[in-house]
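To keep things clear, I will list the structure first and then write my remarks on it.
The values are calculated or read from the model by the stated rules, or taken from the named source; none is laboratory data. None of these values were measured; they are calculated from a predicted model. Heads up, the Cβs are rebuilt from the backbone with ideal geometry, glycines too, and the neighbour counts pull from every protein chain shown.
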Amino acid sequence: MLNDRQKAEILFANERFYAAFSGGDMTAMDSLWGSDGPVCCLHPGWEPLMERNRIIASWNAVLQAPPPIVCAAPSVLPLGEDGAAVICWEGIEEDYLIATNIYRREGGMWKIVHHQAGPVNGTPPTSAQPPQNNRVN
């Protein structure tokens, strides 16, 4: 089971993912993806990407003109001691997607190994605030 510090680290990794996404930061995006095992990315409307080099190439294309994306209401679901899923809402202007981001610990860092976003009905809970740029340590 994950402790509170580990959950905070995972949420921080998720914040870094969305900062790279919204900021068009390809160097950061590349550094956030796992490299020690299987990875998967399912962009809405794209074919499944199951190889790291194809995933990074896809982000290179997306980040040429990144959407004004905001992550809202992230929730951590533990997946053992070295893994967790973050379920969150992706706000793009007036529309929302629901996303699943799976993280695995690699070399002491939480790396994203799966990203999937798709259409959803509704909006995030009204109490949800976009993540703050808080440091874990």
Restricting attention to the range 92-106, which residues are at pLDDT 95 or above and either more than 13 Å from the chain's Cα centre (by Cα) or among the aromatic types (F, W, Y) (or both)? Y96, Y103, R105, E106
Total residues in the range 87-108, condition farther than 11 Å from T123 by Cα and of a type in the set (D, E): 2
P124 passes all but one of the listed conditions (1) buried (at least 19 other Cβ atoms within 10 Å of the Cβ); (2) under 14 Å from the mean Cα position of the chain (by Cα); the exception is number (2)
Only one of (1) surrounded by fewer than 19 Cβ atoms within 10 Å (Cβ to Cβ); (2) of a type in the set (G, A, S); (3) under 24 Å from M1 (Cβ atoms) does not apply to A65, and that is (3)
